[in-house]
Amino acid sequence: MSALFRIFYQSFIKPFYRENAGTFVFVFTMFFFVVGTVDGAGLFKYHYGLIKALLSIKPFLGAALLLWALYARKCAVFIAHLLRQPHYQFISIFRNLPLHRQYLLFFITDFILLLPQTFYILLVLTEGLYLHLFPATVLVLVFLLACCVLLPVRHVHVLNHPEKKQCFFLQRLTGALPQFAVYPQILIRAVLRTQKLVWLSIKLFAGALLCLMSMNNTLAHDDLQLMFLLFSFGVLANGVFVNHLRRVEEQYLSFYRSLPVPLIRRLAQYACFNILLLLPEAGLLCFLSPAHISVENALALGFYAFSAIQLLISISFVKQMAVKHLVVILLLLFFLGYFILMVSGIGFIGLLFLLLAIILFLTRYYQSETIIS
């Protein structure tokens, strides 16, 4: 069994964590080492309060279950997609194994893929038992067991019936876009096809935190700082797949560089892509203002989000970065924005980031050809 599992490890587990390493490093760094200590509460006290709120507030619990379900779906789709790839045809030899051994192999594989989620769910279960919040705790436990039991069933079915392909609503929606779509639409389609679950999870998590924060504060100066940190966390998390998108561009869209398109128009196209990417944040800010956030602060936050993503896009043309370098850049921008907020306003951060983004793009776009090649 160890030799068989080694094949599964090299075929599924290692590629999954290599592809999503940037997301895991950034989220765990922000979630356990940055956001939990910005208000002076300390890591344990912060997560104790967060888990207590999660188990006590039904909408918060529903949002958490949805995020966990999206991550489980990402694991399920990742393996199912690989099983249908031509270069994974050798996996068909495992059909000769008894079904219970196929199930056991996929159970161990899926359990390892679910470990980042399972780790935090176990913390939730432990605190739920300690606080005697049994209904919510049982619901979370049932969800965890369902993921561990049902995902291997799905993968055993795909292994033995590879001709039956799944068809998801988002795939149909993106497939309905015209083939002659402009470049920003092509980039959005690439995001929806390759990183849609990461994108959706980030939007839901950051949006839920921002809603809870904004609906339960007095909009004092310190509250606005914490609100900015939560919003900045959600915005900068987009950099994880902005860097991945650049790789997709160089692999499949390199022909675009040879087209006679003015540099300013290229910048405008990336700005249009940026706006489409941030539509959920824009809708959330419109929903929260003016009842919970003033119109001025909502506009400032929206402008900051646009300029920050535009700066990340421009930085991606300086050099293709490894995961550890990308995380360093994201953390630097996060702390830079916070320190500037301490002495100035959110609007100034947006202006500074936008100016840097324009300068970097105009000076490094064509030079990036030689760097990447």
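Taken together, the values in this text are just the output of simple stated rules run on the coordinates, not laboratory data. A quick note: this is a predicted structure, and the numbers were derived from the prediction, not measured. Reconstructed Cβ throughout: ideal geometry from the backbone, glycine too, with neighbour counts over all protein chains shown.
Working from label points 7 Å from Cα in the Cα-to-Cβ sense, the HIS81 to ARG265 distance is 3.2 nm. In this structure, the residue pairs whose Cα-Cα separation is over 32 Å, taken from LYS14/LYS52; LYS52/LYS319; LYS58/LYS324; LYS45/LYS319; LYS45/LYS324; LYS14/LYS45, are LYS14/LYS52; LYS52/LYS319; LYS58/LYS324; LYS45/LYS319; LYS14/LYS45. Name the trypsin sites (Lys or Arg not before Pro) in the stretch 249-328 that are in a loop by DSSP and that have at most 14 other C-beta atoms within 10 Å, would you? When the trypsin sites (Lys or Arg not before Pro) of the stretch 249-328 are filtered for loop state and at most 14 Cβ neighbours within 10 Å, LYS319 remain. Here the Karplus relation 6.51 cos²θ - 1.76 cosθ + 1.60, evaluated at θ = phi - 60°, turns the backbone of the stretch 250-257 into coupling constants of 5, 7, 10, 10, 5, 4, 5, 5 Hz, with x for every Gly and Pro.
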